[in-house]
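Asker: My questions will all concern the structure given below.
The values are calculated or read from the model by the stated rules, or taken from the named source; none is laboratory data. The structure presented is a predicted model; accordingly, all values stated were derived computationally and were not measured. Cβ sites come from the backbone with ideal geometry, for glycine too, and all protein chains shown count toward neighbours.
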């Protein structure tokens with residue numbers, strides 16, 4: 001499992017980069033979903049989001065999931081190229097497959113990499 | 001195979017769980033006198049007697065195969081159904097109304113649906129077809145669901161032409177209750193309006209424009225201009241189409257339509273009693289994730305052989321739950337098969353011959369009928385196999401007169417358009433011989 005140490009993580013498996021404001025889904029999440037075939041970003045640039053607001057909808061071959069905002073703030077960018085390349089959520093969830101950027105994003109109840117790793121280990125059976 | 005839903009031990013365990021001793025105890029809340037009331041039934045009949053009795057009752061129906069000459073259409077059309085269609089429908093391997101559960105084990109059913117989808121996209125000029133809906137009206141309503149999902153509720157206005165089948169408009173209104181939609185254009189008193197009348201109604205809040213091709217009155221309009229204008233405002237356009245007409249006319253896909261739906265009953269399904277019928281739903285690939293219903297795709301199995309699967313199922317309600325476009329997770333499997341068989345048996349040339357016969361016979365009928373004093377064609381626009389005949393007295397009286405002479409006249413438009421009292425919607429298909437058309441003409445000439 002890949003959990004970069006510079007990112008913050010939520011219990012619903014989103015990551016947030018405090019340095020750039022970028023947000024997306026974790027390596028653990030993409031692995032659980034398996035092959036992702038569709039992604040739709042549900043917010044527009046300039047929109048205000050609160051923690052927990054649905055920002056994207058993802059469909060894999062076997063499941064569907066809503067992705068929630070890991071931080072509150074103004075959406076400063078949306079990854080428009082992502083919908084044409086949903087498989088990048090599997091191959092590069094922290095890089096190419098960022099979903100949105102949240103300007104001045106303030107987080108609450110997030111974990112660091114070590115905390116998220118032990119949280120995920122606790123869920124595997 | 002015996003099908004026993006529960007064993008006695010399982011039943012007892014369930015009774016124990018809910019805290020009653022016996023099955024009777026479970027029904028105690030129903031007063032005893034209502035549990036097994038004495039039914040006032042006549043003595044039982046033998047099978048022979050029952051068959052004779054039911055036969056008597058059935059023979060009091062008049063049908064368009066033997067008893068009546070029919071010029072009634074208005075959404076359901078009397079076409080010839082080759083016997084092979086019925087033969088295929090009765091095969092045990094296919095005899096189910098539904099997409100099967102554990103679908104991949106039923107490769108034959110999935111292949112039939114895949115063929116159906118492929119044929120439908122060819123017919124409409126669209127990129128993708130789902131596995132079908134219950135009927136044309138519900139397919140049209142699913143186009144509203146698609147548009148609503150596509151704009152994520154941010155656009156909530158539908159512009160509907162008054163010349164879309166009134167029943168379809170009614171079903172759309174029923175489906176969209178509670179979605180907070182506003183409607184424009186759907187005013188039956190503006191029935192003469194063509195597509196240009198809808199143009200000023202389409203704005204930046206419009207999610208979907210719904211038109212019919214040919215429209216309910218049989219008129220043929222090229223919707224290209226309307227569709228382009230709607231796209232400029234960012235709205236989607238759904239065209240409700242007649243499949244027989246699509247064989248001959250420009251496809252809605254080539255006009256730029258986003259969704260093309262309709263009633264596939266004319267393709268291999270008898271009139272029956274108004275159903276069950278078959279709704280087709282086709283769209284562009286870019287909207288496939290917002291499309292309702294099942295979708296069959298082609299792939300290869302572990303050995304590299306061609307095989308079929310239900311594909312993109314994560315968009316459906318059994319996985320996506322309340323976030324799905326629609327609550328429809330099934331199709332009209334058996335009739336979609338019948339439709340595929342019909343199209344395959346007739347082939348491209350056969351379908352073209354059917355369409356051409358409908359067109360030629362309808363135009364012969366229209367030409368002869370409009371020569372009668374007091375009668376005339378109500379609309380100047382080109383038509384396919386259905387047209388509105390203006391009559392010298394109320395259409396209801398004309399229909400009664402014709403019925404007295406063994407002819408099912410046409411559709412009395414005043415039922416849906418109150419100011420169209422002397423307007424009869426007449427449909428002519430390949431089933432109407434020249435003699436039948438001449439009989440209609442003669443009868444109307446002699447009408448007092």
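Asker: Which is modelled with pLDDT of 95 or more, within 26 Å of residue B:83 (Cβ to Cβ) and not assigned by TED's automatic domain parsing to the domain that holds residue B:292, of B:393, B:434?
Answerer: Within the list B:393, B:434, the selection yields B:434.
Asker: A further question on this structure: Suppose the filter is closer than 24 Å to residue B:258 by Cβ, more than 12 Å from chain A (Cβ to nearest Cβ) and without any contact (Cβ under 8 Å) to a residue 40 or more places away in the chain; does residue B:329 pass it?
Answerer: yes
Asker: Sticking with this structure for a sec: So for region B:341-360 (the condition being over 23 Å from residue B:280 (Cβ atoms) and either away from chain A (no Cβ under 14 Å) or touching a helix residue (DSSP H, G or I) at 6+ places or on another chain (Cβ under 6 Å) (or both)), does at least one residue qualify?
Answerer: Yes, region B:341-360 has at least one match.
Asker: Working only within region A:62-79, note down all residues that are modelled with pLDDT of 95 or more and in a loop (DSSP other than H, G, I, E, B).
Answerer: Within region A:62-79, A:69, A:70, A:71, A:79 meet the criteria.
Asker: Now for a separate question. Determine whether region B:306-324 contains at least one residue that is outside any strand (DSSP E or B) and more than 14 Å from chain A (Cβ to nearest Cβ).
Answerer: Checked against the condition, which is being outside any strand (DSSP E or B) and more than 14 Å from chain A (Cβ to nearest Cβ), region B:306-324 yields no hits at all.
Asker: Find all pairs meeting these conditions: Cβ atoms under 8 angstrom apart; at least six residues apart or on different chains; first residue within region B:242-256 and on the phi > 0 side of the Ramachandran plot; second residue in a helix (DSSP H, G or I).
Answerer: Pairs that qualify, where the first residue is on the phi > 0 side of the Ramachandran plot and the partner is in a helix (DSSP H, G or I), are B:256/B:224; B:256/B:227; B:256/B:228; B:256/B:231.
Asker: Of everything in region A:43-61, what is surrounded by fewer than 18 Cβ atoms within 10 Å (Cβ to Cβ) and either assigned to a loop (DSSP other than H, G, I, E, B) or away from every other protein chain (no Cβ under 12 Å) (or both)? Give them in sequence order.
Answerer: Answer for region A:43-61, where residues must be surrounded by fewer than 18 Cβ atoms within 10 Å (Cβ to Cβ) and either assigned to a loop (DSSP other than H, G, I, E, B) or away from every other protein chain (no Cβ under 12 Å) (or both): A:44, A:45, A:46, A:47, A:48, A:50, A:52, A:53, A:61.
Asker: Right, another one. Do we find that residue A:67 is surrounded by 15 or more Cβ atoms within 10 Å (Cβ to Cβ), closer than 15 Å to residue A:97 by Cα and away from chain B (no Cβ under 14 Å) in this structure?
Answerer: Spelling it out, it is not the case that residue A:67 is surrounded by 15 or more Cβ atoms within 10 Å (Cβ to Cβ), closer than 15 Å to residue A:97 by Cα and away from chain B (no Cβ under 14 Å).
Asker: The conditions are (1) surrounded by fewer than 24 Cβ atoms within 10 Å (Cβ to Cβ); (2) in contact (Cβ under 8 Å) with a residue 40 or more places away in the chain; (3) within 14 Å of chain A (Cβ to nearest Cβ); (4) farther than 21 Å from residue B:94 by Cβ, and residue B:291 fails exactly one of them. Which is it?
Answerer: Unmet condition: (1).
Asker: Quick one: residue A:82 ticks every box in (1) touching a strand residue (DSSP E or B) at 6+ places or on another chain (Cβ under 9 Å); (2) over 22 Å from residue B:311 (Cβ atoms); (3) not in a strand (DSSP E or B) except a single one, so which number is it?
Answerer: All conditions pass for residue A:82, except number (2).
Asker: Among the residues of region B:160-167, is there at least one that is part of a loop (DSSP other than H, G, I, E, B), out of contact with any strand residue (DSSP E or B) (no Cβ under 7 Å at 6 or more places or on another chain) and in contact (Cβ under 8 Å) with a residue 12 or more places away in the chain? Don't jump to the end; show me each part of the working.
Answerer: Initially, region B:160-167 is screened for residues part of a loop (DSSP other than H, G, I, E, B), giving B:161-165.
Next cut, out of contact with any strand residue (DSSP E or B) (no Cβ under 7 Å at 6 or more places or on another chain) only: B:162.
With the extra rule that they be in contact (Cβ under 8 Å) with a residue 12 or more places away in the chain, the set shrinks to B:162.
The answer is yes, given that some residue of region B:160-167 is part of a loop (DSSP other than H, G, I, E, B), out of contact with any strand residue (DSSP E or B) (no Cβ under 7 Å at 6 or more places or on another chain) and in contact (Cβ under 8 Å) with a residue 12 or more places away in the chain.
Asker: Check off (1) at pLDDT 90 or above; (2) touching a helix residue (DSSP H, G or I) at 6+ places or on another chain (Cβ under 9 Å); (3) assigned by TED's automatic domain parsing to the domain that holds residue B:136; (4) loosely packed, with under 12 Cβ neighbours inside 10 Å for residue B:44 and give me the number that stays unchecked.
Answerer: Among (1) at pLDDT 90 or above; (2) touching a helix residue (DSSP H, G or I) at 6+ places or on another chain (Cβ under 9 Å); (3) assigned by TED's automatic domain parsing to the domain that holds residue B:136; (4) loosely packed, with under 12 Cβ neighbours inside 10 Å, the lone unmet condition for residue B:44 is (3).
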